[in-house]
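The values are calculated or read from the model by the stated rules, or taken from the named source; none is laboratory data. Since the structure is predicted, the reported quantities are computational estimates derived from the model, not experimental observations. Here the Cβ positions follow ideal geometry from the backbone for every residue, glycine too, while neighbour counts run over all protein chains shown.
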Amino acid sequence: MSNPPGILGAFAQHEFLRGLSERNLMILASGARPLHANPGEYLAREGESARAFYLINAGQVSLGMHTPDGRVVIVQTVGPGEVIGWSWLVPPHRWQFDCRAEDEVQGVMFDAEWLREKCEQDHSLGYQFLKQMIIKIASRLEATREQLLKSRF
């Protein structure tokens, strides 16, 4: 059996959503929007307002940070099954990294203000969503740690 077409298919197949209840999935589905980014397009720019949360289904996105001398250092590249953005959760809601499509990227996006409001209104959704976010954040930090260790030795 094939996956459902369009946005619902992209939404239903994403790894991040597997731990959420059916009720919470229905709430999130109501705010899901398709994501398409061309190679070289930025999903986020370091320092700008974080207005979205992204679920990546296809393609690669590089996460880079600016050095004091103005260079951009790629910290990590993520792909299918990954998420982009937790800056929308943490005041002052500014992106901490540049997030750039390395090739054609497909996925799902959510408006950050809408998502914060839904999580605040429904604490069960907020708790389940944050549990999933913590897993991703911990994984991202471990990958960054490993990369830093490799570059130091």
Kindly indicate the residue of the range 50-60 that is within 16 Å of Ser87 (Cα to Cα) and in a strand (DSSP E or B) and also farthest from the chain's Cα centre (by Cα) among those meeting that condition.
-> Ala52
Can you work out which of the residues in the range 61-81 that are part of a loop (DSSP other than H, G, I, E, B) and of a type outside the set (Val, Ile, Thr) is farthest from the chain's Cα centre (by Cα)?
-> Asp69
Residues of the range 24-49 classified as closer than 24 Å to Tyr127 by Cβ, touching a strand residue (DSSP E or B) at 6+ places or on another chain (Cβ under 6 Å) and either polar (S, T, N, Q) or not in a strand (DSSP E or B) (or both), total | 2
Test Trp88 against the criterion of being buried (at least 19 other Cβ atoms within 10 Å of the Cβ) and at pLDDT below 95, and give yes or no.
-> yes
Got a sec? Which of Gly70, Gly79, Gly85, Gly107 is closer than 26 Å to Gln13 by Cα and without any contact (Cβ under 8 Å) to a residue 24 or more places away in the chain?
-> Gly79
Are there any pairs, at least 6 apart or on different chains, whose C-beta atoms fall under 8 Å, with the first in the range 15-27 and surrounded by 11 or more Cβ atoms within 10 Å (Cβ to Cβ) and the second of a type in the set (Val, Ile, Thr) and not in a helix (DSSP H, G or I), and if so, which?
-> Phe16/Val83
Quick one: in the range 91-120, of everything that is within 23 Å of Pro39 (Cβ to Cβ) and of a type in the set (Asp, Glu), which residue is surrounded by the most Cβ atoms within 10 Å (Cβ to Cβ)?
-> Asp98
